[in-house]
Amino acid sequence: MSEVPKPRLAVFKFASCDGCQLSVLSLEEDLLVLGGKVDIAYFPEASSRMLDGPYDLGLVEGSVSTPEDVHRLSAVREQCGKLVSIGACATSGGIQALRNFIDLDVSAVYPSPEYIDTLSTSTPISEHVDVDFELWGCPIDKQQLALVLGDLLAGVKPRLPGSSVCIECKRRQRTCVLVARGEACLGPVTRTGCGAICPGMSRGCYGCFGPADASFPPGRSQANSDALALHFHEALKMDAADVVRHFRGIHGYMDPFKQTAAKWEDDG
Amino acid sequence: MTDRCAFKLPRDRFDDLLQAIRQRNYLLLAPVERDGSVMWGEIEGSRELAWGKADSQAPGSYRLEAGHPERCFEVTHGPQSLKSLTFSPRQKLVHVRCGDDGLTFDSEAAESKPTAVIGVRACDLAALKMQERIFIEGEYADPYFKARREKLLLVAVNCTRAQPTCFCASMGTGPAAESGFDLVLTELEEGFLVAAGSRTGEEIIASLNLDAAGEPEQEEARQAVEACAASQTRSINTEQLPQAMYAAHDHPHWDDIASRCLSCANCTMVCPTCFCHAVEEVPTLSRDESERIRVWDSCFTPEHGYIHGKNMRPATRERYRMWLTHKLAAWIDQFGSSGCVGCGRCITWCPVGIDLTAEVAALLEKDA
């Protein structure tokens, strides 16, 4: 009896900082477990052994920011049985999606702009191809990654909580930085998953895991960022420009953060 | 305030009381200053208490400020009640292993260390009584809650200072601690009054050779607690409950609340009676082991109202209505008393300061 071949895993990079791919490598002992369960066929960040597709499972890091990305992503989708976007760039366009709110002028940055072929926007993977699951975070959380990979390899539909960072903060018995210190914290409208790291260090949440109250598929978050923005302005005396900066951050291109920032930009 | 056999505990003998408790092998937990509030922290003596501190609470705001320099119980309360000490936010239940001989299930042992909690408030005692009804009374007792509860020694403090967010007087739960404690203290201008509420409490007092309190001290204590009750500015009109809440089911004011509510669940996390929890399976990547854990959950999460194929409470409007209607009305039908003890934590720790007393008043307006 011949051995059943292991599922083939591929990890792709688009416009990103590579931090989420490093989260895969940071699985440490679990990386060995993963290597035993799958054939890591294509992962240029980790190995120069790059085998051709098709692949059973593809992880995509990064956003779409060049015309070439659009074509490459389409090919990636065709080669992968299941496709999971990982990290803020892949799920919402990332911090580089700030360009979506301005008239992009690459000559202001690059001395030889003629070599630069870029789109005027940075957009999430799901705007271009169908995605089977999205793993949020900047960077992603390795425990969530292990859980999702385990589920997908077991043929189970992955499930991650869509609730707020506050629940995790309170489970860890931490004092609320917003209520007790007046720190601007996006925790109440941000998705849990990080372990409430920043409030645990007495800092406000930056919203790395994207809008809360969302379940897959994306774009359906009901997080009430408008009410939190109003509170920042009225109770924390934050001016309109600062309100925009808070919501137009790592996930500034994702609703409802995008809509909230746009309203305050109009007011400011 | 029930008259008990009260004794005078001079301030310079307060540590004797704490040491008498420690000698009985109790770990001492007390409200200690942490990150701009007070949290339960392990102490060795009275020095670690929040001397000279007072809290200033308002909807969506909590600040520690300078208080009476000679007092250590001027801080009314922090975000924690007794809930986290008996109903753990994260409780391991079962360890599951998958081996060649099939699945094995190992239950987590229910164990707890003797713990004395110093500075428990009347609202917290009322909430504990409520949670005991839910977790350990009746046929199915939760072993983890039970083990923790049985090892608690409770040293209550009568409140002599109310926050603008407090409304225990209208809920009939405070500010005086009436029962459910081992010892009760009242902080006075000159030291404390101390009285026992259990046999253990009596023994501890007897070991200290204290003088019986005279009428002047008892009168000072009575007046301080009465003044605290009279100073409370918020209230809930409980006369119309539960029916009026059911009648408000389709009130347009729920939409108004939903426009402000973040659905972040902080109110339910700090509520000393909220008991919702989720049981989660946390398997390893190899899938040959799994930990089954119980974590605090909330009716404000997107998953809580999900039943097979349908979310019963998809929007914030339904979730807030579920919470408030359960807390103030259905709770009475279910458990025989209101689920709200008037501690006001949900008002203070709501990031945007939603005030349930004001929402209830608006919902019960007939002409709306």
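Summary table below
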{"quantity": "Neighbouring partner chain Cβ atoms per residue of A:4-13, average, 10 Å criterion", "calculated": "0"}
{"quantity": "Cα gyration tensor, the protein assembly as shown - rounded (a/c under 1.5), prolate or oblate", "calculated": "prolate"}
{"quantity": "Charge-dipole axis of the stretch A:165-267 as Lys and Arg at +1 and Asp and Glu at -1 on Cβ define it, positive-most pick from A:PRO199, A:GLY182, A:ILE250", "calculated": "A:PRO199"}
{"quantity": "Amide hydrogen neighbours beyond the local backbone of B:THR115, cut-off 5 Å, H modeled", "calculated": "B:LEU27, B:LEU152, B:LEU153"}
{"quantity": "Within chain A: Cβ-based charge dipole about Cα centre, in debye rounded to nearest 20 (Lys, Arg +1; Asp, Glu -1)", "calculated": "980 debye"}
{"quantity": "Other protein chain Cβ atoms within 10 Å, averaged over every residue that makes up A:181-192", "calculated": "3"}
{"quantity": "Rounded to 5, the percent of DSSP beta bridges in the stretch A:8-153 classed as antiparallel", "calculated": "15 percent"}
{"quantity": "Once the Cα gyration tensor of the stretch B:104-261 is diagonalised, semi-axes √(5λ) in Å", "calculated": "33, 28, 12"}
{"quantity": "Prolate/oblate/rounded label for the stretch A:8-75 (Cα gyration tensor, a/c 1.5)", "calculated": "oblate"}
{"quantity": "The stretch B:23-101: C-alpha pair distances exceeding 21 Å, %", "calculated": "44 percent"}
{"quantity": "Those aspartates and glutamates that a straight Cα-Cα span of less than 16 Å connects to B:LYS8, excepting residues fewer than 8 apart in one chain", "calculated": "B:ASP16, B:GLU187, B:GLU189, B:GLU190, B:GLU202, B:GLU203, B:ASP211, B:GLU215, B:GLU217, B:GLU219, B:GLU220"}
{"quantity": "With at most 10 neighbouring Cβ atoms within 10 Å, loop GluC sites (Glu not before Pro) (DSSP) excluded, longest segment of chain A", "calculated": "A:29-268"}
{"quantity": "Formal net charge of residues neighbouring A:GLU45 (Cβ-Cβ distance under 11 Å; K, R +1; D, E -1)", "calculated": "-1"}
{"quantity": "Separation of alpha-carbon centers, the stretch A:22-55 and the stretch B:152-178, rounded to whole Å", "calculated": "58 Å"}
{"quantity": "Antiparallel content of DSSP bridges confined to the protein assembly as shown, in %, to 5", "calculated": "65 percent"}
{"quantity": "GNM top mover of B:GLU139, B:GLU318, B:GLU111 - chain B, alpha-carbon springs below 10 Å", "calculated": "B:GLU139"}
{"quantity": "Residue-normalised accessible area of the protein assembly as shown, expressed per residue, 1.4 Å probe, Å²", "calculated": "44 Å²"}
{"quantity": "Assigned charges on the beta-carbon of Lys, Arg, Asp, Glu; the protein assembly as shown dipole about Cα centre (debye)", "calculated": "480 debye"}
{"quantity": "Candidate aspartates and glutamates - alpha carbon under 15 Å from B:LYS129, same-chain residues fewer than 8 apart omitted", "calculated": "B:GLU137, B:ASP142, B:GLU150, B:GLU178, B:ASP182"}
{"quantity": "Student exercise, chain B dipole from Lys, Arg, Asp, Glu Cβ charges, in Debye to nearest 20", "calculated": "560 debye"}
{"quantity": "Karplus-derived HN-Hα couplings along the stretch B:347-362 (A = 6.51, B = -1.76, C = 1.60, θ = phi - 60°), whole Hz, x at Gly and Pro", "calculated": "7, 5, 8, 5, x, 10, x, 6, 10, 4, 5, 6, 5, 4, 4, 5"}
{"quantity": "Value of relative contact order over chain B, rounded to a whole percent, pairs C-alpha under 8 Å and six or more apart", "calculated": "21 percent"}
{"quantity": "Contact order normalised by residue count of chain A, Cα under 8 Å, 6+ apart, percent", "calculated": "15 percent"}
{"quantity": "Helix-derived mean residue ellipticity, 222 nm - over chain B, DSSP H n ≥ 4, -39500 (n - 2.57), to 500", "calculated": "-7500 deg cm²/dmol"}
{"quantity": "Square roots of 5 times each gyration tensor eigenvalue, C-alpha, the stretch B:1-52, largest first, Å", "calculated": "22, 15, 12"}
{"quantity": "Rg/Rh ratio calculated on Cα atoms of the stretch B:57-142 (Kirkwood radius)", "calculated": "1.15"}
{"quantity": "Efficiency of FRET from Cβ geometry, A:HIS128 and A:ILE197, R₀ 25 Å, rounded to 0.05", "calculated": "0.20"}
{"quantity": "Heavy-atom accessible surface of the protein assembly as shown: percent carbon and sulfur, 1.4 Å", "calculated": "50 percent"}
{"quantity": "Chain A shape via C-alpha gyration tensor axes, a/c threshold 1.5", "calculated": "oblate"}
{"quantity": "Value at 222 nm in deg cm²/dmol, rounded to 500, when DSSP H runs of n ≥ 4 in chain A each add -39,500 (n - 2.57)", "calculated": "-9000 deg cm²/dmol"}
{"quantity": "Listed residues B:TRP349, B:VAL194, A:LEU145: farthest to the positive end of the dipole of the protein assembly as shown (Cβ charges)", "calculated": "B:VAL194"}
{"quantity": "Distance histogram in 5 Å bins (all Cα pairs of the stretch A:8-153, percent per bin)", "calculated": "2, 10, 19, 22, 19, 13, 7, 5, 2, 0"}
{"quantity": "Rg/Rh for chain B, where both radii come from Cα atoms and Rh is the Kirkwood radius", "calculated": "1.00"}
{"quantity": "Among A:245-256, B:30-41, B:118-129, the order from most to least packed when residues are scored by Cβ within 10 Å on average", "calculated": "B:118-129, A:245-256, B:30-41"}
{"quantity": "Pairwise label distance in nanometres, A:SER112 with B:THR233, each label 7 Å out on the Cα-Cβ vector", "calculated": "6.9 nm"}
{"quantity": "Interface area, A with B, accessible, probe 1.4 Å, both sides summed, Å² nearest 100", "calculated": "3100 Å²"}
{"quantity": "Whichever lysines have a C-alpha closer than 25 Å to that of A:LYS157, once near sequence neighbours (fewer than 8 apart) are set aside", "calculated": "A:LYS6, A:LYS13, A:LYS37, A:LYS82, A:LYS142, B:LYS92, B:LYS310"}
{"quantity": "Estimated FRET transfer efficiency when R0 is 35 angstrom, pair B:VAL295-A:VAL70 (beta carbons, to 0.05)", "calculated": "0.25"}
{"quantity": "Calculated FRET value between B:ASN25 and B:SER259, using beta carbons and R₀ = 41 Å, to 0.05", "calculated": "0.20"}
{"quantity": "Partner chain coverage, peptide A:30-37 - average Cβ within 10 angstrom", "calculated": "2"}
{"quantity": "Measure of compaction for the stretch A:165-267 (Cα Rg per 2.2 N^0.38 Å)", "calculated": "1.00"}
{"quantity": "Summed residue charge, Cβ within 14 Å of A:CYS20's Cβ, Lys/Arg positive, Asp/Glu negative", "calculated": "-3"}
{"quantity": "Most mobile of A:GLN173, A:GLN21, A:GLN143 in a GNM of chain A (Cα contacts under 10 Å)", "calculated": "A:GLN173"}
{"quantity": "Within the stretch B:102-219, percent of DSSP bridges classed antiparallel, to nearest 5", "calculated": "40 percent"}
{"quantity": "Extension reserve of the B:HIS68-B:ARG11 stretch, reckoned as 0.36 nm per residue once the Cα distance is removed", "calculated": "19.2 nm"}
{"quantity": "The stretch B:212-222 - phi-based ³J(HN,Hα) in whole Hz, Karplus 6.51/-1.76/1.60, Gly and Pro as x", "calculated": "5, 6, x, 4, x, 5, 5, 5, 4, 5, 4"}
{"quantity": "Choice from A:VAL38, A:VAL84, A:VAL165 showing the highest fluctuation, given a GNM over chain A with Cα pairs closer than 10 Å", "calculated": "A:VAL38"}
{"quantity": "D_trans [Stokes-Einstein, Kirkwood Rh over alpha-carbon pairs] for the stretch B:239-361, 10 °C, 1.306 mPa s, µm² s⁻¹", "calculated": "101 µm²/s"}
{"quantity": "The stretch A:42-132, relative contact order in percent, only Cα pairs under 8 angstrom and at least six apart counted", "calculated": "35 percent"}
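The values are calculated or read from the model by the stated rules, or taken from the named source; none is laboratory data. Since this is a predicted model, take the numbers as computed values, not measurements. Virtual Cβ from ideal backbone geometry, glycine too; neighbours counted across all protein chains shown. Just the protein is used for accessible areas: all its heavy atoms, side chains included, with ligands, DNA and RNA removed. Shrake-Rupley method; radii C 1.70, N 1.55, O 1.52, S 1.80 Å.
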